[in-house]
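The values are calculated or read from the model by the stated rules, or taken from the named source; none is laboratory data. This is a predicted model, so every value here is computed, not measured. Counting neighbours? That spans all protein chains shown, and the Cβs are built from the backbone with ideal geometry, glycine included. These area figures cover heavy atoms from the full protein model, side chains too; ligands, DNA and RNA do not enter into them. Shrake-Rupley method; radii C 1.70, N 1.55, O 1.52, S 1.80 Å.
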Amino acid sequence: MYSEKEPETIVGLVGCWKAGCAFVPMDPTIPEKRLKHIVRDSGARLVLYSQRGGGSGSGSGSGSGSGSGGLEKETKEEGKEGRAVVEEEVGEGIEWMAMEEAWDEEGKRGEGKQEQGRGEGAVEREGGVGKEDVAFVIYTSGTTGVPKGVEVLHRGLASLIEAVESTCGDRSGPMLHSEDRILQFSSVGFDMFIEECLFAWLSGASLSILKSKAVGEELESHIQRHKVTAAMVVPAVLETLRASEVPTLRMAIVGGDRVAPELVRKWGEKVELRCTYGPTETTCFITLSGRLKWREGRSVKGERGAEASGEGDEVVVGATSATVPLGRQLENSLCYVLDKYGQLAPPQYPGELYVGGECVGRGYRNLEEQTAAVFVRDPYCVERGGRMYRTGDKVRWNREGLLEFLGRGDGQTKINGYRVELGEVVAAMERHEAVRLGAVLVRTDVPGAEGKPVLVGYVEAKRERVGGDEEERQKEESGEERKRLRGREVREFVKKILPRYMVPMVVKVLEEMPLTGNGKTDTKALGRMKVERDGECEDGGAEGEGELPKEGVEQELAKIYASVLGMEDVGKVKRETDFFALGGHSLLVAKLQSEIRRKMGVNVSQAELMKYPTVVKLGEVIQIFLDGGEEAENKTRYKLKRRDRDEKGDRGVGEEVCVSSSQKRMLMMQTME
């Protein structure tokens, strides 16, 4: 189905299933090359399109039309329709049908059959559809750069509907009602589009279709104008809204990404906030949390409301919470947390999430090897032939039996021999009071890194909203409402939370975090951004402006820094240069220690090098050992008197002894403090 979000698209989805076909959505806004691959890989014989949307056609008949974009748009150079281009790529035999015209013809044929009764026609449309047939194919990003089609079965879809019906309600009634208006936010190419449809169909609610990819004030305007009461969005989209501007919104279900405790603090008391989790491979979602509520000073805790009050389950989140639970598994799914040996992990022990049950899809279309790698045999399933899906997500069960997301397994990386979880670095940056969103990439093109892989952080500053609406609008237009934030501040903040090897070498402050079409962080766009140390990091020790080292100890240290780090230009090393900010790590500390001992005749411990990594601070430490005369004797050769006990146990005065090297360092560091 080649169509943007239109009423015809939703009707066409139901029509595909009634006819026994698999639904393959194609968003006209995605690149044409990707659309061609979807048509070719899916083996589609029929392409439905809407004359109203971006894939519309203006010609007559089901096979003609000149759309405005994607497969249907005309190429300026050749004057060909997108359809002709696709046929050249994938061959003949694809039928194009405008849904509006097909329905008109079907209506005429239906009128002729009314006298014969409608039972026979209904059987023909619905017959032949089994639980093991494919319901829809969603194309997601592939590790090879080519999108892969996830085949989801009717069995998983039917079990999801049953699970939602039994889970979404509590003693006070269903979670959604027929009076609700649900925001249709997601693009047709994502499984969340089907989730939104399912919630509406199950509750009898209306769908309010958002045709543009709006966020912020534009999305607020749509919610106000159409009196939307419920929305299913990713956390980053909900962050752009102000509760005061969407008074009709009573429920928000967030999924598709990690939920920060700050989001619960902002929205937990304003709306009924819940979160879901689940990859496409397991039929949309497999967990649904209770209502998320914020309480100051409380950690994450699941609470079951009193049966008399009918409050249902709640998840309490507080300022000390490290994460927000994903909730409990639905009845159609089996969530296994397995350790590195493939055994079930006990509560609070991290492991990789495997998902079994009826929700598991068939696999990846035309990719048998990749399917076999992640769709594996379920050893815990009593039914023969049961399978489970390996998600690659690192999770754990908490004490209350709620599933907690800890990060992506494939989001792990190694920096100089240390294993780094990128999600943990992002969480640390987002704890800064002035940071709204954060992201981390591993890059090798950072100046000063000499081609070595380093962590690069990206943060979007929060907005300050003060004064009346007009004042807010003026400040927003001028960009003055953003808090002044520097990369150095974030790095120094993260240093207090994470080990040094997990601190990003550069933190780049963005005006706005780039997002993909489904509201997730666009890592490809971040990777294309140029990172310039002096303008973006502002950590004083980068390659930008800064005070040059003073003659003597500092200049000698600067030369040693450059030599150890393989830097040709010693001038890049300033007084405030941080050894680790220039790409140094614990493995190079030993080399730095050796060079200082060899060239300066001073034995500085690795602990001191880690504690005083800048040229100016380390220079002060070394200067103490290098000072000559009486001053050096007083500073570095302290005397202690050994007192021996006499026969009565009293302390007597003995001979003077010199302090040990470790005692010298302890005293020196205390003096420096």
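For the residues 594, 333, a 1.4 Å probe over the protein chains yields an accessible-area ranking, largest first, of 594, 333. Pairs exceeding 24 Å between alpha-carbon atoms, taken from 213/524; 5/520; 524/572; 508/550; 131/394: 524/572; 508/550; 131/394. Around the amide H of residue 288, modelled in the peptide plane, lie the amide H atoms of 328, 330, all under 5 Å away and 5 or more residues distant in sequence or on another chain. Subtracting the Cα-Cα distance of residue 214 and residue 595 from 0.36 nm times their residue separation leaves 131.5 nm of extension gain. If R0 equals 25 Å, the separation of the Cβ atoms of residue 611 and residue 667 corresponds to a calculated FRET efficiency of about 0.95.
Using a ≥ b ≥ c from the Cα gyration tensor of the range 351-411 (square roots of the eigenvalues), is it rounded, prolate or oblate, where a/c under 1.5 gives rounded and otherwise the larger of a/b and b/c decides, a/b for prolate? Note, shape of the range 351-411 comes out oblate. Heavy atoms of the protein chains alone define the surface here; on that basis the range 211-271 has 40 Å² accessible area per residue at 1.4 Å probe size.
Applying 0.36 nm per residue to the separation of residue 620 and residue 602 and subtracting their alpha-carbon distance, the gain on full extension is 5.2 nm.
Here the gap between residue 131 and residue 224, fully extended at 0.36 nm per residue and compared with their Cα-Cα distance, gives a gain of 29.4 nm. Put 185, 493 in order of accessible area, highest first, and with a 1.4 Å probe you get 493, 185.
Residues whose amide H falls under 5 Å from that of residue 187, counting only those 5 or more places apart or on a different chain, are absent, with hydrogens built in the peptide plane.
Going by the alpha-carbon gyration tensor, a ≥ b ≥ c the square roots of its eigenvalues, is the range 155-279 rounded (a/c under 1.5) or, if a/c is not under 1.5, prolate (a/b greater than b/c) versus oblate? Rounded, because the longest to shortest axis ratio a/c is under 1.5. In the range 153-293, the portion of solvent-accessible area held by carbon and sulfur atoms comes to 48 percent [1.4 Å probe, whole percent, DNA, RNA and ligands not counted]. Using a simple spin-label model with pseudo-atoms 7 Å out from Cα toward Cβ, residue 372 and residue 399 lie 4.6 nm apart.
Here the calculated FRET efficiency for residue 162 and residue 344, from their Cβ-Cβ distance with R0 = 30 Å, stands at 0.70, rounded to the nearest 0.05. For the range 1-36, GluC sites (Glu not before Pro) are listed when DSSP marks them as loop and at most 16 other Cβ atoms sit within 10 Å of their Cβ; the list is empty. Within the range 317-373, the proportion of C-alpha pairs whose separation exceeds 18 Å stands at 54%.
Could you tell me the relative contact order of the range 182-300? Use alpha-carbon pairs under 8 Å, at least six residues apart, and round to a whole percent. For the range 182-300, the relative contact order is 20 percent. If R0 is taken as 60 Å, the Cβ-Cβ distance between residue 528 and residue 382 corresponds to a FRET efficiency of 0.75. Residues whose amide H lies under 5 Å from that of residue 96, counting only those 5 or more places away or on a different chain, are 47; hydrogens are built 1.01 Å from N in the peptide plane.
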